[in-house]
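Data block below; observations after.
The values are calculated or read from the model by the stated rules, or taken from the named source; none is laboratory data. Bear in mind that the values here come from a model prediction, so they are computed numbers and not experimental data. Backbone-built Cβ (ideal geometry, glycine too); neighbour counts: all protein chains shown. Remember, those area values only see protein heavy atoms, side chains included, never the ligands or the DNA or RNA. Shrake-Rupley method; radii C 1.70, N 1.55, O 1.52, S 1.80 Å.
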Amino acid sequence: MSASEYDVIIIGAGPVGENVADRIVQGGLTAAIVESELVGGECSYWACMPTKALLRDAAALRAARSVPGAAAAITGTLDVAAVLARRDRFASNWSDDGQVAWLNSAGITLVRGHGRITGPRTVTTTDADGQVTTLTARHAVVVSTGTSAAVPRIPGLTDSRPWTSREAVAADHLPDRLTIIGGGVVGTEMATAYSALGASVTLIARDGVLPNVEPYAAEYVISSLIESGARVMLGASPTRVRRDSDGTVHVEFDDGQTVVSDELLVATGRKPNTADLGLEHVGLPASSWLTVDDTLRVLDASGSPIGDGWLYAVGDVNRRALLTHQGKYQARAAGDVIVARATGAAVDASAWGRHAATADERAVPQVIFTDPEIAAVGHTSASAAKAGLRARSVEYDLGAVAGAALYADDYTGRASILIDDDANTIVGFTAVGPDVTELVHAATIAIAGEVPLDRLWHAVPAYPTISEVWLRLLETAGR
Ligand SMILES: Cc1cc2nc3c(=O)[nH]c(=O)nc-3n(C[C@H](O)[C@H](O)[C@H](O)COP(=O)(O)OP(=O)(O)OC[C@H]3O[C@@H](n4cnc5c(N)ncnc54)[C@H](O)[C@@H]3O)c2cc1C
């Protein structure tokens, strides 16, 4: 048993933990980061990077097919082995050597092992050989342990050895038939990827496909999945699952239907990695999401910071926005506020202040890499109504924009903005269509910057680009 002291201890070296540690050392404090698997976390090896690599070749092929001259040059189909090899490269072949080298160069101490909170400002780690180390933090402990796939309780499901996102993302072969339970982002992106690679896909979407985006955008994705040959079962809920000795997986439904496939992917949501984190030592229930204030300090049941405010939770584990870029934004706020509090510098925790993660509530951008892609930021009509906002939706046909028509023959897509007439600003943006991904940042700036519509009118989109939809949306809104 050994012991060490640092200014800040971070549990979990995913993208978010790494960014907290970086801000801490850049602020002149010392940091140790504890990691039980690979430095770089879910995002680098089993989520963002490899999934987008799996989807990219098919998107490039679609783009080429949509203009006749390039389409004429296409002589074959996707090379699945090459797609998987490129995916491997983007997952760094599941080696974290590069990220460990970066930690070393940044002056961050890496402690390999499983970390548990064992008292105020105290973390105990256990490595693969059972070696136990006690780390003490002078100022703060940051939990950035992320999430894992949640597997629902369906009789027979666990015994059927289903894939979670990890196995689907890292697979070394293509099953002939893939059934996916879950119509959220992971389910639909994997349905898009595997269908394009040549698998026969069935998507079971009990709660609908992409229920958290504007319904018109989800409709485009459903139609395209069906057109590509996938089967989409909306509102269907499996009652039993079994894997037979020949390896086939059978998913049964109430109405007597059975879907048979070679692999089954469960993509029904995430659970926080807090089951074995020692939360009982800070009076919180094990396995719970960690609720935080806007400076990312963990709150107890009464809404007060734990202890004197030494415990922080950043990234997926606080459930504010399960996205890498948003977690890294929180990491910058948390790292900087920990340094400020430790050094007695001024803290600006007001809305949009340097130390507050205000954008988490107002302007979270997301791109869903389906066919077609969806880009969205801020409210949807449904979430605005839920928040009590009087927001007016204005939509425009993206296919009628010159830049989109040039981009692809028969371009189909749609975009919308949500206008808060009381504030005279935009509070939401959604676009669906080929390659709308890069449109999202303009919308993020408009929403986070609370740019008044009168001024937005002067942000002239370049001709002929897909961004010209901004002008058309504002004209449609009555400018
Ligand atoms: C299939 C899929 C695709 C995705 N695609 C995108 C995308 O395109 N864009 C996007 O923005 N987001 C995407 N996400 C979400 C993104 O992966 C997460 O938001 C992001 O990884 C969260 O980062 P994190 O650092 O909070 O947690 P993680 O990346 O989960 O990292 C947490 C780390 O903590 C470690 N850890 C956990 N418990 C302990 C412990 N007790 N002791 C020591 N170490 C511990 C884990 O091993 C892990 O390395 C995707 C998610 C999935 C599942």
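Read phi for every residue in the stretch 190-205 and hand back ³J(HN,Hα) as whole Hz from Karplus 6.51 cos²θ - 1.76 cosθ + 1.60, θ = phi - 60°, with x for Gly and Pro.
6, 4, 5, 5, 5, 5, 5, 7, x, 7, 8, 10, 10, 10, 9, 10
Within a Cβ distance under 15 Å of G269, other residues only, what is the Lys/Arg minus Asp/Glu net charge?
Within the 15 Å Cβ shell, the charges total +2.
If Lys and Arg each add +1 and Asp and Glu each add -1, what is the summed charge of the other residues whose beta carbon sits under 12 Å from the beta carbon of P175?
The answer is -4.
Karplus couplings for the stretch 236-252 from phi (6.51 cos²θ - 1.76 cosθ + 1.60, θ = phi - 60°), rounded to Hz, Gly and Pro as x?
For the stretch 236-252, the Karplus-derived couplings read 7, 10, x, 10, 7, 9, 8, 10, 7, 5, 7, x, 6, 10, 10, 10, 9 Hz, x marking Gly and Pro.
Find how many whole Å separate the alpha carbon centroid of the stretch 407-423 from the alpha carbon centroid of the stretch 62-119.
Spelled out, the Cα-based centre of one part sits 31 Å from the other.
With no solvent and one point on each alpha carbon, what is the Debye value of log10 I(q)/I(0) for the chain at q = 0.08, 0.11 Å⁻¹?
-0.54, -1.02
Quick one: putting +1 on the C-beta of Lys and Arg, -1 on the C-beta of Asp and Glu, what dipole do you get for the chain around its Cα centre, in Debye to the nearest 20?
Using Cβ point charges on Lys, Arg, Asp and Glu, the chain gives about 460 debye.
Would you calculate a helix-derived [θ] at 222 nm for the chain, using -39,500 (n - 2.57) for each DSSP H run of n ≥ 4 and dividing by the full residue count, to the nearest 500?
-9000 deg cm²/dmol
Please name which of S224, S36, A199 has its Cα lying farthest along the dipole of the chain towards the positive end, using unit charges on Cβ (Lys, Arg +1; Asp, Glu -1) and the Cα centre as origin.
Result: S36.
Just subtract the alpha-carbon distance of Q257 and E395 from 0.36 nm times their residue separation and send over the number in nm, one decimal.
45.8 nm
For the stretch 425-479, what value does the Rg/Rh ratio take when both radii are computed over Cα atoms and Rh is the Kirkwood radius, given to two decimals?
0.93
Sort D129, D88 by accessible area with a 1.4 Å probe, largest first.
Numbers: D129 140, D88 45 Å².
Putting D129, D88 in descending order of accessible area: D129, D88.
When all alpha-carbon pairs of the stretch 255-358 are counted, what percent fall beyond 19 Å?
52 percent
Give the shape of the stretch 1-41 as rounded, prolate or oblate, defined through the alpha-carbon gyration tensor: a ≥ b ≥ c are the square roots of its eigenvalues, a/c under 1.5 means rounded, and otherwise the shape is prolate if a/b is larger than b/c and oblate if not. Spell out each step's value before the answer.
On the way: a/c = 3.30, a/b = 1.05, b/c = 3.13.
Oblate.
Jot down the radius of gyration and Dmax of the stretch 7-89, Cα atoms only, both in angstrom.
When restricted to Cα atoms, the stretch 7-89 yields Rg and Dmax of 19.8, 61 Å.
So how far, in whole Å, is the C-alpha centre of the stretch 140-201 from the one of the stretch 353-389?
24 Å
Suppose each label sits 7 Å from its Cα in the direction of the beta carbon; what would the E167-W457 distance come out to in nanometres?
The two pseudo-label positions are separated by 5.8 nm.
I need the P(r) histogram for the stretch 145-238: all alpha carbon pairs, bin width 10 Å from 0 out to the longest distance, whole percents.
Going out from 0 Å in 10 Å bins, the stretch 145-238 shows 15, 49, 31, 4 percent.
Once you have the Kirkwood Rh of the stretch 140-191 from its Cα pairs, apply Stokes-Einstein at 10 °C and 1.306 mPa s and quote D in µm²/s.
Translational D for this selection: 120 µm²/s.
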